[in-house]
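Note sheet for the following structure.
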Amino acid sequence: YRIHGLPEDTMASPEASLQHYHPEDRPVIEAAFEAAVEDGDPYDVEVRLVGADDTERWVRTRGEPKYTDGDLTHVRGTIQDITQRKERERDLQRIKQAVESAGHAIYITDPDGVIEYVNPAFEEMTGFSEAEVIGETPSVLDSGEMQDGYFERLWETVLSGDVYKDEMINRRKTGETYAAMQTVAPVTDGDDIHAFVAIQDDITDRKERKQTLSRREQAISEAPVGISISDPDRPDNPMVYVNDAFVEMTGYSREEALGENCRFLQGERTDPDRVDRLREAIDAEEPVSVTLRNYRKDGTEFWNHLEIAPVTNDTGEVVIYVGFQQDVTDRKQRQAQLTVLDRVLRHNIRNQMNVVRGYAETIQSETSNGTADAAGKIIDMSDRLVGLAEKERQITDLLRDEPTRTDVAVCDQ
């Protein structure tokens, strides 16, 4: 009566009982009862039952036909509420499905560390099949690369009832090693440990990427030129990173530089035309190279050769600007000195060659034959040397001046 949700004065009958079974399961119990009556077959089925109070339950119902003198006299049986057991089974099935489909390698051992279960991800990650590791210990994964005392600390932790989590180097079936983040937890029943669950995540690629990024970060941080990174998505493109060379070159600390636009290094003698060219290139999201007169924190001037390049993502959107800054003050000073020296030399060459040419012209006009011809050659050589000095001036000016960008049509449309 309680299972069916009926008052105890209800007249019970097989027909009335059958009507309480779930519509989807009713054919099962009907067929089982009919087989018991017609063929004498006992039955034992688990089906859903909906009580008079609309409460759905799982029940185990068993029936056994009884005979007297070869004639069926009655069917006796039992009905048991197994709802809680079915719910536990359903929960366990969900857990099993979750473990089976998990992307992490999972294995379970008994209290002595003997493997009793591994999931498909374990087989894929390690290369060992379930049959190869069941009955073995996790030592099949031992790479021999862990530090002394590692496994002692692991066992000491989990045997005390605590969870152990750490990186380790394991070995696949092929002999290849891999880095794993492993968590081992004891499964307790009161104070007793009756199993251990281990979860592994293959972090080999992640560690390699981290090491690569670390090496790159170190290379950028220790680069001999100033490097800055600016954020184009924030107003005024503030710098979000500067390396040690930038700090040393400008005299500004990182805290003072970060959040500033790189133009905070400009001053009253900074060439505005070069600044405009720099700004135009950034607005056009194009790389640019300029040499600017900048100012350190202490107010001293220095020549800064600045190269800025946009960095784009897969869709072509600019995500950062990288700036390379180099103090070229000494070079600019040497260029200025060379310019002065160049002018002095060209002036002296021109003047001296004019004197030589004058003497040669006098000799040519006052002599004849071979002497006059030799004087003419001196005049020609003087002109060529003066012309060569002029070409040297043009080349020097070209190399010294900042480059300019000009659009040139290479063919007709």
Q. Does segment 51-68 include one or more residues that are open to solvent by less than 60 Å² (accessible area, probe 1.4 Å), aliphatic (A, V, I, L, M) and touching a Phe, Trp or Tyr at 6+ places or on another chain (Cβ under 7 Å)?
A. no
**Q.** Tabulated pairs, segment 387-413, first closer than 26 Å to Glu280 by Cβ, second modelled with pLDDT of 80 or more and open to solvent by less than 100 Å² (accessible area, probe 1.4 Å), C-beta under 8 angstrom, 6+ apart or interchain
**A.** Glu402/Arg274; Glu402/Val290; Glu402/Thr291; Pro403/Ser289
Q) Can you tell me which residues in segment 146-160 are loosely packed, with under 12 Cβ neighbours inside 10 Å and assigned to a loop (DSSP other than H, G, I, E, B)? A) Gln147, Asp148, Gly149, Ser160
Q) When you go through Asp327, Asp397, Asp380, Asp314 one by one, which is the residue that is on the phi < 0 side of the Ramachandran plot and in contact with a helix residue (DSSP H, G or I) (Cβ under 7 Å, 6 or more places away or on another chain)? A) Asp327
Q | Selected residue [in contact (Cβ under 8 Å) with a residue 40 or more places away in the chain, charged (D, E, K, R) and farther than 19 Å from Ala257 by Cβ] from Asp314, Asp298, Asp327, Asp342 | A | Asp342
Q: For Arg346, work out the one condition from (1) open to solvent by less than 60 Å² (accessible area, probe 1.4 Å); (2) in a strand (DSSP E or B) it doesn't fulfil.
A: (2)
**Q.** Residue list for segment 321-342, filter: among the hydrophobic types (A, V, I, L, M, F, W, C), within 22 Å of Glu222 (Cβ to Cβ) and either in contact with a Ser or Thr (Cβ under 8 Å, 6 or more places away or on another chain) or open to solvent by less than 60 Å² (accessible area, probe 1.4 Å) (or both)
**A.** Val322, Val328
**Q.** Top-ranked residue of segment 217-257 - restricted to ones that are in a loop (DSSP other than H, G, I, E, B) and open to solvent by 70 Å² or more (accessible area, probe 1.4 Å), ranked as nearest to Phe302 (Cα to Cα)
**A.** Pro224
Q.
For segment 69-86, give me each residue that is open to solvent by less than 80 Å² (accessible area, probe 1.4 Å) and either closer than 21 Å to Pro23 by Cα or in contact with a helix residue (DSSP H, G or I) (Cβ under 8 Å, 6 or more places away or on another chain) (or both).
A. Leu72, Val75, Thr78, Ile79, Asp81, Ile82, Thr83, Lys86
**Q.** Which listed residue is surrounded by 12 or more Cβ atoms within 10 Å (Cβ to Cβ) and among the aliphatic types (A, V, I, L, M), from Val355, Val318
**A.** Val318
Q) Inside segment 1-23, can you point out the residues that are within 13 Å of Arg48 (Cβ to Cβ) and either among the charged types (D, E, K, R) or open to solvent by 50 Å² or more (accessible area, probe 1.4 Å) (or both)? A) Pro23
Q) Would you say Leu213 is without any contact (Cβ under 8 Å) to a residue 12 or more places away in the chain and either assigned to a loop (DSSP other than H, G, I, E, B) or aliphatic (A, V, I, L, M) (or both)? A) yes
(Q) With the structure loaded, tell me whether Arg263 is out of contact with any His (no Cβ under 6 Å at 6 or more places or on another chain), in a helix (DSSP H, G or I) and of a type in the set (Lys, Arg) or whether it fails that test. (A) yes
Q: Would you be able to say whether some residue in segment 290-304 is touching an Asp or Glu at 6+ places or on another chain (Cβ under 9 Å), of a type in the set (Val, Ile, Thr), over 17 Å from Ala223 (Cβ atoms) and surrounded by 14 or more Cβ atoms within 10 Å (Cβ to Cβ)?
A: yes
Q: Please enumerate the residues belonging to segment 161-216 that are over 16 Å from Ala121 (Cβ atoms), among the hydroxyl-bearing types (Ser, Thr, Tyr) and buried (at least 16 other Cβ atoms within 10 Å of the Cβ).
A: Tyr164
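Yes/no matrix, rows are residues, columns are (1) of a type in the set (Lys, Arg); (2) under 53 Å from the mean Cα position of the chain (by Cα); (3) at pLDDT below 80:
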| position | (1), (2), (3) |
| --- | --- |
| Gly323 | no, yes, no |
| Thr339 | no, yes, yes |
| Ile349 | no, no, yes |
| Met353 | no, no, no |
| Ala360 | no, no, no |
| Ile378 | no, no, no |
| Lys391 | yes, no, no |
| Val408 | no, yes, no |
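The values are calculated or read from the model by the stated rules, or taken from the named source; none is laboratory data. For clarity, every value in this text was computed on a predicted model and none was experimentally measured. So basically every Cβ, Gly included, is an ideal-geometry build from the backbone, and we count neighbours across all protein chains shown. To get the accessible areas, we keep the full protein, side chains included, count just its heavy atoms, and leave off ligands, DNA and RNA. Shrake-Rupley method; radii C 1.70, N 1.55, O 1.52, S 1.80 Å.
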